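Since the structure comes first, as structure tokens, the remarks are kept for the end.
What follows is calculated from the coordinates using simple rules that are stated; it is not laboratory data. Just so it is clear, the model here is predicted, and its values are computed rather than measured. Using ideal geometry, Cβ is built from the backbone for each residue, glycine included, and neighbour counts are taken over all protein chains shown.
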Amino acid sequence: MKSVSTNYISGKLEKIEVFRSRGVIRITSTRDKSAYIVQAIGEALRSVSRLKLPLEVLMPPTEKSSHRQRRKWVSKQFNDEALAEIAQLTNTEITTTASGIVSPPVVVST
């Protein structure tokens, strides 16, 4: 979205707003320019890829570690701060599962 905004938004009254919770993108621009912006956003969305990455594979090898021990290690090592830092470094969005378990996160790369 940043690149679309950088390439198409030039005036003070023009803007692109994203409301993730509602699944809405609001474009404030001329009608002609808005059509190009919508096309550029569509292309950007088609280029998004999703990857499910089980973080347990990063755990140091141990002879006998239970699933519970692996999940506990992952939750400790990949807390919200660590995930936010990884997301910033990789220019991705990392979200956890609905139950709040870090493993496996969904990485959305744009």
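Reachable lysines from residue 76, Cα under 22 Å, same-chain residues fewer than 8 places away excluded? By straight Cα distance, residue 76 reaches 52, 64. Summing charges over all other residues whose Cβ lies under 9 Å from the Cβ of residue 27, with Lys and Arg as +1 and Asp and Glu as -1, gives +1.
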